[in-house]
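Written below as structure tokens is the structure these notes are about.
The values are calculated or read from the model by the stated rules, or taken from the named source; none is laboratory data. Note that the structure is predicted; figures quoted are calculated from it, not measured. Ideal geometry is used to build each Cβ from the backbone, glycine not excepted, and the neighbour counts take in all protein chains shown.
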Amino acid sequence: MTDSKRLSLSGWWWKEGVPIEQGDTGKRYFLCRRCHTARCPTAHHYSVEGGSGAVLRHFRKVHGLDEMGELPAGRKRRRPIELEGFDVRDPREQELLHQLIDAFDTRYFQRLLLRWIVYDNVAFHKVDSPRFRDLLTYTNSRVKDCLPSATTIREWVIKAYSHHKETVIDEL
């Protein structure tokens, strides 16, 4: 690849593929290593000239992945929604309530919380703040049962560090 066309390989998806360039036109592509290795019959290279949207859609649709890892099985990620104001006696609203409750993924919420703490350098003890807990519980009452303590956050960070340490060493 020429220096004037050097790609930024900082996106999480680059760990899952390689940059390629079409010789005669100079167009740049992402080649999905998973699909290429599995010899998938469909095309598994995506133009990165206009951005990474096609690559991200590929990982969500084909591999069930996004920047946080595996997507919850069989459904898309949704934002938590406050459940007040529904009439539980109405069968249609009751069905909607069940769908909203099922949409909240505790493990995914905890991964998002951990990512926020690590990436934004938030002190672990902030999760123990009553005001923080009230704020999150207000957005969705189901959050109350899955909020970790500062000690648990510390354990998660150490575990994640240990898990990813070898990858970082290999990259360096």
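Brief remarks follow.
- Given (1) at pLDDT below 80; (2) exposed (fewer than 14 other Cβ atoms within 10 Å of the Cβ), index of the condition His44 fails: (2)
- Residue within segment 126-139 that is within 22 Å of the chain's Cα centre (by Cα) and in contact (Cβ under 8 Å) with a residue 40 or more places away in the chain present: yes
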